[in-house]
Each structure stands twice: as C-alpha cells, then as structure tokens.
Amino acid sequence: MEARDAVAGALVRSDGEEQTTKKTAAPKKDKPQTKTKMEQIFGFKKEDLTSWQSLVALLNRPTDPASLGIFRCLFGLVMTIDVTQERGLSHLDYKYLDGAPVCRFPLFNFLQPLPMDWMYLVYVVMFLGALGIMLGCFYRLSCLMFVSTYWYIFFLDKTAWNNHSYLYGLIGFQLMVMDGNRYWSIDGLRRPSIRNAHVPLWNYTLLRTQIFIVYFIAGIKKLDADWVEGYSMSYLAHHWLFDPFKVILPVELVNLLVVHGGGLFLDLTAGYLLFFDATRPYVFFFVTYFHCMNSQLFSIGMFSYTMLATSPLFCYPDWPRRFFAHFPGFLRAVLPLTSPDPQPSPSCVYKEIQSTSVERQETPPAAKPSKLRFKHKLAAIFTIIYIIEQFFLPYSHFITQGYNNWTNGLYGYSWDMMVHSRSHQHVKITYKDGKTGEIGYLNPGVFTQSRRWKDHGDMLKQYATCLSQFLPRYNISDPEIYFDIWVSINERFQQRIFDPRVDIVKADWSPFRPNPWLMPLLVDLSPWRTKFQEIEGSLDNQTEIVFIADFPGLHLENFVSEDLGNTSIHVLQGKVNVEILEEKKNFSLQPGEQIKVPAGAYHKVYTVSEEPSCYMYIYVNTTEAALQENFTKLFELQELIRNGTETEPLPPELQPLVAADLEGAEVNATDPIVRLFLKRQRRMKEVKKRREASVLERLERFAVKKYYTIRRGFLMTAIAMRNLAVGLPPLEQLTREVAFANMKEPQAEANQDERLKDEVGHGEL
C-alpha cells in the first residue's frame with residue numbers, strides 16, 4: 001500500500017477517504033468494506049453519477065489540500081520568473097516607448113497600452129500577484145491582481161499569443177476560484193481556521209482535466225496528415241538533442257518515428273496514462289524527458305517547467321506529506337505540514353460515517369455531516385460548464401471564420417502546438433497615393449516590432465490601417481496598401497497567402513465571416529513534396545532550390561541578386577510566360593522546359609494556364625562559392641604554417657594568419673577576405689567552446705544571463721515607479737540611470753555586436 005500510494009491517484013479521487021480507511025483499520029473487528037473495481041480505478045462509484053445530488057456531493061467531496069498547495073506555490077514561482085522573461089518586463093521600454101510610431105495588434109482595437117511608466121505599474125501589480133500566489137498571501141486578492149493584469153497584457157498584443165500563454169491565464173483564473181491557500185501558505189499562518197483544511201474535489205478535477213485537455217487535444221490536432229507524414233517539424237531531427245537516436249536510425253526515420261510519431265503518441269496518451277496508478281511512474285519519466293527536451297528545442301519560456309509542475313497533480317493529493325516526512329526534523333519548521341489529518345472545511349460536503357462504538361472511542365472526532373448548499377451546486381455547475389467550454393473552444397472556428405488563415409482559427413487556444421511550420425520567401429508591400437497615383441514600396445515590417453502579421457489576415461488588416469494613418473506624414477495622401485506575401489507551410493510550394501490585387505485598407509474583414517482576400521492553400525499540390533526531396537537530394541551542396549506555385553492570372557515579379565550568377569527557372573506544371581524586363585523579351589515555357597534568367601535584373605513570371613502553375617528556381621550563389629573556395633585555400637595555408645611546413649615568406653596581406661590565435665588578429669588584416677576568414681575562425685572557436693562547456697559552465701552562463709536580464713527589469717521598474725511618484729528627473733540623470741540598468745556582463749559587452757545564436761543553436765543550456 002505504501003509503495004503504491006507514492007504515485008497513485010485518480011481524476012476525482014479523494015485522499016480523505018483513503019486515509020480514514022487506513023487510520024481506522026486497526027481497531028476494526030468487522031471485515032472492512034471492499035471497494036468496487038470502478039472505485040479502485042477511478043476513485044468513485046457508479047452510484048455517484050446516478051443523480052444530480054450525488055454528483056454535486058462527489059465534486060465537493062473533502063480532499064487533502066497538500067498537492068494543490070504545492071502546485072499553487074510552484075505555479076506562482078514560475079509566473080514570477082515569467083513576468084521578467086516572456087511577459088517582457090526586462091525590455092518593456094523598447095516595446096511601449098511613448099510617442100514612437102508603432103503599429104500594434106490588440107485583440108480589440110480599442111485596447112491601447114498605457115503610458116510607459118504606467119505599464120511598468122501594471123507589471124508590478126502582475127508580479128506582486130504572482131508572488132502572492134506563490135506565498136499564499138492574501139490569496140484571492142493576489143489571484144485577482146495577477147489574472148486581471150495578465151489578461152490585459154495578453155489581449156494587448158496578438159503577436160505574442162501562443163498556447164502556453166493562454167494556459168497560464170486559464171490556470172491563474174482557476175486558482176482564483178479554488179482554495180489553493182489551505183496548505184503551506186502565509187494565509188494559513190494568519191488564519192488558523194483555513195490552515196490544513198480540506199478542499200473540495202472539484203479543485204483537483206478542474207486542474208487535472210485542464211492538463212488532460214492540453215495533452216489530448218494537442219494529440220488530436222497532430223492527427224493532421226502533415227504531422228503524421230513527417231512534414232510539420234522535419235528540421236528538428238537535425239538538432240543535436242536527437243543525436244542518440246541517430247546512432248541506430250537514419251535521420252529520416254528519426255524525423256518520422258521519434259519527432260512526429262513520438263510526439264503524437266505522447267500527446268494522445270499522456271493524459272490517460274498519468275491517470276492510472278500502474279502507468280503513472282513510467283509516464284512521469286517520459287513527460288519529464290519530453291518537457292526538458294522542449295525547453296532546449298524551443299524558446300518557450302517557462303512552459304516546460306509549468307507542465308512539469310502539473311504532473312504531480314495526478315498523484316494522490318497527500319503525496320507532499322509523505323515526501324516531506326523523509327526530511328530531517330530540524331527542517332520541519334519551514335517545510336510543509338506532514339500531519340495526515342486535514343481539518344474540516346465548509347467548502348466541502350461531508351457524509352455521515354457509520355462506525356462502531358470502539359471506533360468512536362479511539363478515533364478523533366470526524367466532521368459533522370453537511371447538506372448540499374447553493375455554493376456547492378454552483379461549484380459543480382461551474383466545473384461542468386468550464387470543462388465543456390474547454391473541449392468546445394478548440395473546435396469553435398466555424399464561429400471565428402475570419403481568423404482561419406491556413407490555421408485552425410485564433411491561434412493560441414486551439415492546442416495545435418507545432419503543427420505548422422512556415423518559411424517566407426518573398427514579402428512586398430506596395431503603396432499607392434490615392435490622389436496622385438504615385439506608386440512606391442515599403443520595407444516589410446516598417447512601423448512594427450513583430451513579423452507575425454504576415455500570416456494572419458486580421459493582423460494584416462490592422463497593419464494596413466495603421467500604415468494608412470502614418471503615411472500621410474510623408475506626403476502620401478489617401479494611401480492604398482497592397483501586400484504580396486509568399487509562404488510555404490509544412491514544406492509545400494511557396495505560394496501567395498493573400499490576394500496582391502486587393503487594397504487591404506479598404507478591404508472588408510470580419511471575425512465571423514471567411515476572409516474574402518485569403519488565397520486558398522493549394523493542398524492538391526501536396527504530393528509534390530516527395531518529388532521535392534528527390535530533386536534536392538540530386539543537387540550538390542552549393543546549389544539551392546526554391547519551389548513556387550502561383551494562381552492563374554497572377555504573376556511574380558522577382559529580382560535576381562548579382563551574387564546569384566547561375567539562376568534558372570524550370571517549369572514543373574502548367575504554363576508560364578517569362579518576361580525579361582531589361583531585354584524586353586518574353587519566353588513561353590511548358591512543363592519540363594527551363595530558361596536562364598540574368599543576374600542583377602528584374603523579371604516577371606506570368607501564369608497563363610487555367611490551373612495553377614508550378615516551377616522552381618535553381619541557383620548557385622557564385623559569390624559565396626568563390627568565398628568558400630578562398631576560405632579553403634586560407635585554411636590549408638594556415639595548417640601549413642602551424643605545422644611548420646610552409647617555407648615561403650608570406651605576403652603582408654597574409655601575415656595575420658600567423659597570429660590567427662591572438663585576439664584581435666582580424667582587426668589588423670588589410671585583405672577583406674582574410675579578415676572575414678579570421679573572424680569566422682574565431683566565431684567557430686567560440687561556438688565549439690560553448691558546445692563543449694561543462695555542465696557547471698553552462699549553468700553559470702545561464703545564471704549570469706538571467707541575472708542581468710532580471711536586473712534590468714527591476715532597475716527599469718524602480719525608475720518608472722520613481723517617475724510616477726515624484727516626476728521625471730533631469731535628462732542627464734535619467735540617461736545615467738538607464739545606462740546603469742543596461743549594463744551587461746563583460747563578455748556580453750565585448751561580443752555585443754556578434755551574437756552566436758545561429759551557430760550555437762536552440763536553448764541557453
């Protein structure tokens with residue numbers, strides 16, 4: 001019994017009943033009542049579901065508060081860290097700089113950020129709320145502070161939306177209506193009446209069901225054909241974290257079986273297997289491994305750690321008591337209670353316990369039987385409605401049809417995590433003066449801090465409206481805005497996502513109607529992806545390829561860089577006309593035909609067939625190829641110098657190769673190719689050093705980086721609070737204070753202009 005209890009639990013199981021049975025077993029003379037098979041597996045009897053009253057009594061059954069209290073503390077801890085990290089406290093002044101011409105993307109257009117110093121105050125309230133949740137101090141008020149400010153910031157910026165940010169808000173809301181401060185909380189010290197008191201079973205039911213939904217719905221979404229066939233996240237198989245699997249499997253099978261197959265199986269089954277006693281220990285290992293890998297694969301903040309904190313919720317609710325009972329006695333004063341007897345709570349419904357006279361004399365007094373009250377029924381109604389709503393929302397996109405841009409609606413509540421991967425080949429923004437007819441072009445992303453608008457029609461509409469308000473400042477009257485955006489989703493052809501002929505400023509958009517200027521995804525061309533792999537496999541390392549699909553009546557205007565000295569167009573399907581603008585020539589191409597296009601010039605590709613055309617660009621970056629050839633020669637020369645086999649005197653421009661290992665050698669190089677070579681060598685050396693660093697060195701680097709990030713957030717917050725309290729100081733003083741807050745570790749300051757993210761890979765550890 002002891003071993004099983006260490007990991008046992010069920011979705012609606014009550015620890016109070018379990019422990020009462022154990023405590024009273026010794027003095028009993030009668031045969032103890034045996035549980036049914038259903039009760040052993042699920043924690044409740046079939047009779048508990050036969051009537052409304054019995055269901056209400058079940059959901060309000062007294063349950064040990066220990067596991068809920070530990071989860072509350074862990075969730076509050078990760079949220080206090082998250083405020084400075086993914087919520088953006090450390091760079092808040094860059095995001096909400098007062099007076100800057102910035103286009104923003106709130107869920108509702110009337111939502112606008114407060115002045116910057118007041119935004120810092122919003123974050124202070126959110127941070128104090130998360131801290132109060134962690135400590136269980138003024139619990140309801142802390143939850144309200146956290147939830148209200150969190151959802152305000154969440155709705156303020158759709159470009160930062162994702163599933164785990166949505167999950168944080170949901171859990172914060174759930175904790176606000178729960179009795180999470182009944183165990184290991186400051187409120188328990190202040191109010192002995194709630195200390196170590198029972199919590200109703202629906203507290204656990206709600207949280208466990210929410211986590212089950214996160215796993216299970218994510219698994220259902222991964223039944224998409226692109227995921228099953230291994231196209232959604234194929235690039236992950238090349239990450240170093242999957243190197244152990246590559247010892248026994250080729251990278252193609254690692255992608256199909258481990259990345260996609262393993263992710264699908266874990267998401268579909270984790271919620272179920274965490275539920276059952278027999279499978280829970282094994283699933284604990286796999287979900288822990290899964291979330292630790294995700295923390296390194298993706299920049300997802302505290303999500304992995306939050307999910308790790310939710311796993312113990314599926315154990316018996318009294319697991320913390322048995323866990324902390326193994327600690328030394330001198331630590332008991334600061335550790336959670338290990339007493340096995342929670343006190344009664346008015347939030348729960350107690351049934352009358354039938355016991356013998358011996359039991360009445362030798363056991364402590366039990367809670368008095370209680371009747372069903374309105375609050376108990378309200379709690380049951382809330383639990384049922386909330387669970388139904390959470391199962392419904394991921395499939396409610398027939399309502400919010402305006403958000404369905406090659407995704408499953410408003411991304412962020414659908415749990416379709418990592419189902420879609422995108423690459424953008426071409427983004428062009430064209431403006432037209434409504435009075436003069438003058439046409440010009442804008443840099444993609446001008447007046448905005450995000451790139452996510454390119455994939456969402458609602459954000460594109462907001463962006464176009466914002467641009468139409470800013471452009472008149474530059475003598476462009478009544479501007480019309482046109483977007484030509486090419487996207488490849490899950491390794492398909494690059495194709496347009498929006499109609500480039502539509503003026504988005506005047507275009508109609510509604511969240512409740514399909515987007516009329518959204519171009520359809522060419523799913524009929526999906527089988528071509530197998531052919532893509534064959535073509536790419538037949539090319540050498542220096543040859544690049546881009547696959548294009550276009551609609552009848554449209555054309556692609558493209559510029560070939562002078563670096564791409566060998567570029568050709570090959571037609572795969574349909575008919576196209578290629579116009580070389582500089583030469584004023586037109587060429588008609590059929591499937592299987594090709595044409596070479598000049599570098600340093602524009603050309604247009606018209607689709608003239610009745611069905612979509614498919615073609616590919618094949619090109620070689622001749623400049624890069626020549627540079628790599630020079631690098632190879634310099635590397636060979638450098639090896640000869642190091643080996644002492646180079647006897648010929650070096651010309652002055654190659655002398656820095658001798659001192660290549662000395663810091664700053666590339667600065668003294670006069671030849672630009674030698675300078676680039678030495679710079680590349682130094683960067684590769686730093687990358688190798690980082691990758692081969694010991695665990696302690698990685699942890700130190702991680703801690704130092706987080707320290708300076710958190711430090712900046714708190715110092716900038718202190719400056720903002722001072723500004724609100726006593727007003728702005730002189731500009732010179734403010735400049736010094738901000739410079740002090742911006743101070744970074746010496747190594748970061750030395751390498752501030754050369755970040756190594758691309759070379760080092762994902763993650764900070």
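Order of 173-179, 401-407, 312-318 by packing, highest average Cβ count within 10 Å first? Spell out each step's value before the answer.
Working: 173-179: 20.3, 401-407: 18.6, 312-318: 24.3.
Highest-to-lowest ranking by the protection proxy: 312-318, 173-179, 401-407.
With 0.36 nm allotted per residue and the present C-alpha distance subtracted, the LYS377-GLU737 stretch has 124.1 nm of extension available. What the pair-distance distribution of region 695-748 shows, using all Cα-Cα distances binned every 10 Å from zero, is 22, 42, 22, 11, 3 percent. Given R0 = 41 Å, the distance between the Cβ atoms of HIS326 and THR34 translates into a calculated FRET efficiency of 0.85.
I need the shape label for region 527-624. Rule: rounded when a/c is under 1.5, else prolate if a/b > b/c, else oblate, with a, b, c from the alpha carbon gyration tensor.
Numbers: a/c = 2.20, a/b = 1.06, b/c = 2.07.
Because a/c hits 1.5 or more and a/b fails to exceed b/c, region 527-624 counts as oblate.
Amide H contacts of GLU438: ASP433, each under 5 Å away and 5 or more positions distant or on a separate chain (H built 1.01 Å from N in the peptide plane; Pro and chain starts excluded). Note on region 427-443 and region 280-343: Cα centroid distance 57 Å, given to the nearest whole angstrom. Rolling a 1.4 angstrom probe over the protein heavy atoms with all chains in place gives region 527-624 an accessible area of 52 Å² per residue. Checking Cβ-Cβ separations below 4.7 Å across the chain identifies CYS73, CYS137, CYS143, CYS292, CYS315, CYS348, CYS614 as cysteines lacking any candidate disulfide partner.
Each stretch of four or more DSSP H residues adds -39500 (n - 2.57); spread over every residue of the chain, this sum gives -13000 deg cm²/dmol at 222 nm.
Treating each Cα of the chain as an identical point scatterer and ignoring solvent, apply the Debye formula and state log10 I(q)/I(0) at q = 0.08, 0.09, 0.10 Å⁻¹. Results for the chain at q = 0.08, 0.09, 0.10 Å⁻¹ read -0.86, -1.06, -1.24.
Estimated from the Cβ-Cβ distance and a Förster radius of 22 angstrom, the FRET efficiency linking ALA333 and VAL695 is about 0.10. Rounded to the nearest 10 degrees, the inclination of helix 457-470 to the longest alpha-carbon principal axis of the chain is 60 degrees.
Heavy-atom accessible area per residue, region 60-325, 1.4 Å probe: how many Å²? Ligands and nucleic acids excluded, the result is 35 Å² per residue.
In percent, what relative contact order does the chain have, based on Cα pairs under 8 Å that are 6 or more apart in sequence? List each step's numbers first, then the result.
Numbers: 1147 pairs, mean separation 100.1, N = 765.
Over the chain, the number comes to 13 percent.
Of the residues GLN85, TYR235, ALA100, the one whose Cα sits farthest towards the positive end of the charge dipole of region 60-325 is GLN85 (charges of +1 on Lys and Arg Cβ, -1 on Asp and Glu Cβ, taken about the Cα centre). For the peptides 77-89, 440-452, residues were scored by their other Cβ atoms within 10 Å and the scores averaged per peptide; the highest-first order is 77-89, 440-452. Protection proxy ranking of 611-622, 418-429, 92-103, by the mean of other Cβ atoms within 10 Å over each peptide's residues and highest first, is 611-622, 418-429, 92-103. Cα centroid separation, region 505-533 to region 126-179: 35 Å. For a Förster distance of 45 Å, can you work out the FRET efficiency between the beta-carbons of THR288 and ASN475, rounded to the nearest 0.05? After rounding, the FRET efficiency stands at 0.15. Set the Cα radius of gyration of region 257-303 against 2.2 N^0.38 Å, with N its number of residues, and you get 1.20. Only lysines eight or more places from LYS706 in sequence, or on another chain, were considered; those with a Cα closer than 19 Å are LYS744, LYS757.
Contour minus end-to-end for THR269 and GLU629, with contour as 0.36 nm per residue of separation and end-to-end as the Cα-Cα distance?
On the way: separation 360, 0.36 × 360 = 129.60 nm, distance 5.14 nm.
Working it through step by step, the gained length comes to 124.5 nm.
State in Å² the accessible area per residue of region 421-521; use a 1.4 Å probe, count heavy atoms of protein chains only, and round to the nearest integer.
On the way: 4600 Å² over 101 residues.
Normalised by residue count, the accessible surface of region 421-521 is 46 Å².
Checking the Cα-Cα distances for LYS428/LYS461; LYS432/LYS506; LYS428/LYS585; LYS575/LYS604; LYS45/LYS351 against a 18 Å cut-off, the pairs over it are LYS428/LYS585.
Report the full-extension gain for the segment VAL726 to ARG422: residue separation times 0.36 nm, less the Cα-Cα distance, to one decimal in nm.
On the way: separation 304, 0.36 × 304 = 109.44 nm, distance 4.85 nm.
Extending this stretch completely gives an extra 104.6 nm.
Overall, the accessible surface of the chain at a probe of 1.4 angstrom is composed of carbon and sulfur to the extent of 60 percent. Name the shape class, rounded, prolate or oblate, that the alpha-carbon gyration tensor gives for region 421-521, where a ≥ b ≥ c are the square roots of its eigenvalues, rounded holds for a/c under 1.5, and otherwise prolate holds if a/b is larger than b/c and oblate otherwise. In terms of gyration-tensor shape, prolate.
Projecting label points 7 angstrom from Cα along Cα→Cβ for THR647 and LEU49 puts them 9.0 nm apart.
The values are calculated or read from the model by the stated rules, or taken from the named source; none is laboratory data. These numbers were taken from a predicted model, which means no experiment stands behind them. In this analysis, Cβ positions are derived from the backbone assuming ideal geometry, glycine residues included, and neighbour counts consider all displayed protein chains. These accessible areas exclude ligands, DNA and RNA; they are computed on the full protein's heavy atoms, side chains included. Shrake-Rupley method; radii C 1.70, N 1.55, O 1.52, S 1.80 Å.
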